């Protein structure tokens, strides 16, 4: 019998998913893959519920839901994370160009686009 816990996990609305694949890269644990032209959470135990994938979806197809699911499996995620690090391209702030190796970046939606902004540039977006 598999033990479940109540936790946050990514939900993907197939009707809203256009199959762009932008959500795959931010998922460091490899829980999201493309299947038949749509994004899918293929292994719930790999979804940590952090939601880094949410901010890059141009259609809002990804949300976090709280429900019964298998617990997050750190051990299963580690080899996937290590493999992805080999080919990872750091994201950059759309305002100043700082990459995530030199600044903390946050996903932001603006004018219908999903982009990354560093914490230095964020106040200007908030306050104008």
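Since every read-out is calculated from the coordinates, none of them should be taken as a lab result. Here the structure is a predicted model, which is why all the values come from computation and not from measurement. Positions of Cβ are generated from backbone atoms using ideal geometry, with glycine treated the same way; all protein chains shown enter the neighbour counts.
For a test of the definition: using alpha carbon positions, the gyration tensor, and the 1.5 limit on a/c, classify segment 89-128 as rounded, prolate or oblate. The shape class here is oblate.
Were the residues from residue 84 through residue 126 laid out at 0.36 nm apart, the gain over their Cα-Cα distance would be 11.9 nm.
Between the Cα long axis of helix 74-85 and the first principal axis of the chain there is an angle of about 40°, rounded to the nearest 10. Taking each residue as 0.36 nm, the span from residue 67 to residue 11 lengthens on full extension beyond its C-alpha to C-alpha distance by 19.1 nm. The helix-only estimate of mean residue ellipticity at 222 nm for the chain, built from DSSP H runs of length n ≥ 4 each weighted as -39500 (n - 2.57), is -4000 deg cm²/dmol after division by the residue total.
Quick check: from the Cα gyration tensor, does the chain come out rounded (a/c under 1.5), prolate or oblate? Can you show the working numbers first?
Details: a/c = 1.84, a/b = 1.53, b/c = 1.20.
Since a/c reaches 1.5 and a/b is larger than b/c, the shape of the chain is classed as prolate.
Sorting 25, 104 from the fewest to the most surrounding beta carbons within 10 angstrom yields 104, 25.
Using the alpha carbons of segment 1-64, what is the convex hull volume per residue in cubic angstrom, as a whole number? Don't jump to the answer; show the numbers that get you there.
Working: hull volume 5.6 nm³, N = 64.
Taking only Cα atoms, segment 1-64 has a hull volume of 87 Å³ per residue.
Note on residue 4 and residue 119: the model spin-label points, each 7 Å out from Cα along the C-beta direction, lie 3.7 nm apart.
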